[in-house]
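**Q** Here it is: the structure, laid out below.
The values are calculated or read from the model by the stated rules, or taken from the named source; none is laboratory data. Small disclaimer: the values here were computed from a predicted structure and weren't measured. Cβ: placed from backbone, ideal geometry, glycine included. Neighbour counts: every protein chain shown.
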Amino acid sequence: MRRRNTPAFTFLAWASFALACGFTFVGIYNMDAPLVEKGYYSVCSLFLIMSSFVLQKVVRDNQEDDDGIRKATPEKKKTGEDFS
């Protein structure tokens with residue numbers, strides 16, 4: 001089976017993710033705010049990152065499950081008598 005993404009696209013995805021996280025936390029570190037506020041923004045950013053990975057996995061798994069169910073379930077033949 002062939003991979004859906006090229007190595008270059010995979011690198012681009014991970015590099016952009018790492019840069020976005022890095023710049024976010026550098027911005028929070030350099031922000032002129034109390035430590036408590038910086039901590040709040042840092043924890044919220046980490047929660048957003050974690051929840052985006054979980055959401056992506058759930059959506060992908062549900063799509064793969066739906067595809068598997070469609071392949072495993074035979075289609076019913078439609079007749080003129082079936083009004084449901």
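**Q** For the stretch 9-38, name all the residues that are of a type in the set (D, E, K, R) and outside any helix (DSSP H, G or I). Lay out the reasoning, then the answer.
**A** At the first step, the residues of the stretch 9-38 found to be of a type in the set (D, E, K, R) are 32, 37-38.
Result: D32, single match.
**Q** Tell me whether the stretch 50-67 contains one or more residues that are part of a loop (DSSP other than H, G, I, E, B) and either modelled with pLDDT under 95 or of a type in the set (G, A, S) (or both). Please lay out each step first, then the result.
**A** Of the residues in the stretch 50-67, the ones part of a loop (DSSP other than H, G, I, E, B) are none.
No.
**Q** Please specify each residue of the stretch 30-69 satisfying the condition of being under 19 Å from F17 (Cα atoms), of a type outside the set (A, V, I, L, M, F, W, C) and surrounded by 11 or more Cβ atoms within 10 Å (Cβ to Cβ).
**A** Hits for the stretch 30-69 are Y41, S42, S45, S52.
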